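Notes follow the structure.
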Amino acid sequence: QVQLVESGGGLVQTGGSLRLSCAASGLTFSNYIMGWFRQPPGKGRESVAAISGSGRTLYSSDSVKGRFTISRDNAENTVYLQMNSLKPEDTGTYYCARKFYSGDYSDPRNFDYWGQGTQVTVSS
């Protein structure tokens, strides 16, 4: 079955960087749009970025534009999220997901498989 496993989270100071990875298995990876979402403490899940099967960025939220970059390596079945210039408001659990349904790239309802999440904490 489809499995998505995130890694790379941790504790970092304001202005620091992290690179998240999401290893996928059980699917023809290059066929699918992949997305990153996050859930800040006490808040709902919000979209961060989405990438096409061929590696084109399809969506990037205004709050992370210029700071975060989504990429993928189809040979390694992995999608990445490079996060630079981190801010305390970037704190949360970060999830990768597979887009299955048509529609908005930023709508989590259009994604069917999700990883377990990786925690990112940015200290001020």
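The values are calculated or read from the model by the stated rules, or taken from the named source; none is laboratory data. Everything numeric here is computed off the predicted structure, so don't read it as measured data. Cβ: placed from backbone, ideal geometry, glycine included. Neighbour counts: every protein chain shown. The protein model used for the area step is the full one, side chains on, heavy atoms only, and it has no ligands, DNA or RNA in it. Shrake-Rupley method; radii C 1.70, N 1.55, O 1.52, S 1.80 Å.
Between residue 124 and residue 39, the contour length at 0.36 nm per residue exceeds the alpha carbon distance by 28.7 nm.
Based on the Kirkwood approach, the hydrodynamic radius assigned to region 1-82 is 13.5 Å, with every pair of different Cα atoms included. For the chain, a simple Cβ point-charge model (Lys and Arg +1, Asp and Glu -1, everything else neutral) yields a dipole of about 100 debye relative to the Cα centre. Under a crude label model (7 Å from the Cα following the beta-carbon direction), how far is residue 75 from residue 109 in nanometres? For the pair residue 75/residue 109, the computed spacing is 4.0 nm.
Computed on protein heavy atoms with a 1.4 Å probe, the accessible areas place 20, 11 in the order 11, 20, largest first. Taking the 1.4 Å solvent-accessible surface of the chain as the whole, the part contributed by carbon and sulfur is 44%.
Remark: spin-label model distance residue 101-residue 63 equals 2.2 nm, labels positioned 7 Å along the Cα→Cβ axis.
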